[in-house]
Amino acid sequence: TFTVLHRAQGFDTDDPHAMVLDDKGVLWIGAEDGSIWTYAGAAFSRVFEGPCPPKRKRNDDVVCEGAVLALHVARDGALWIGRARTGIERIRDGVHARFTKAQGLPSEGVRAFHEDADGSVWVGTFGGGLARIRGDVVTTF
């Protein structure tokens, strides 16, 4: 069976774009407005407000530059957030780091993450190909 979870359970967005389950069983959800939510089985909590205004109309195809399109929880507990046109945010032990073209990303449109065996995070970008982040060093391919 399917259970629909939405505003009645505190999830105040109609446009989830990315989800990842962490090792504690918490579901992290990234939305088109750029907000980040968690769901631990009973209720939703908004962890970060989104930088984007609400859509004016339902057929608005313009994606906000800060929309969350990819999420990853690394083995070290870091949360990786990939945004539509503003690069990556990594939050580890409460410390925020940003990765953009200035740090070596080939594109600031982030679509996918994958962590390999050595802890490097691979990034799929829109129009820029692949990048690998090892520590704070970005390598493009």
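For the chain, with every protein chain kept in place, what is the accessible area per residue (1.4 Å probe, Å²)?
I get 57 Å² per residue for this part.
Summing +1 for each Lys or Arg and -1 for each Asp or Glu, what net charge is found among the other residues whose Cβ lies under 14 Å from the Cβ of Glu115?
Charge balance in the 14 Å sphere: 0.
Under a GNM of the chain (C-alpha, springs under 10 Å), which listed residue has the highest mean-square fluctuation: Thr13, Thr86, Thr125?
Thr13
With contacts defined as alpha carbon pairs under 8 Å and 6 or more residues apart, what's the relative contact order of the chain in percent?
It comes to 14 percent, rounded to a whole number.
Report the dimensions of the chain along its three principal axes from the alpha-carbon atoms, largest first, rounded to Å.
Principal-axis extents of the Cα atoms in the chain, largest first: 44, 35, 30 Å.
Tabulate in residue order the Karplus-calculated ³J(HN,Hα) for the stretch 35-50, using 6.51 cos²θ - 1.76 cosθ + 1.60 with θ = phi - 60°, rounded to whole Hz; enter x for Gly and Pro.
Per residue, the Karplus-derived 3J(HN,Hα) values read 6, 10, 10, 10, 9, 10, x, 10, 8, 8, 10, 7, 8, 9, 5, x Hz.
The values are calculated or read from the model by the stated rules, or taken from the named source; none is laboratory data. Here the structure is a predicted model, which means the values were calculated and not measured. As a convention, Cβ positions derive from the backbone with ideal geometry for all residues, glycine included, and neighbour counts pool all protein chains shown. The protein model used for the area step is the full one, side chains on, heavy atoms only, and it has no ligands, DNA or RNA in it. Shrake-Rupley method; radii C 1.70, N 1.55, O 1.52, S 1.80 Å.
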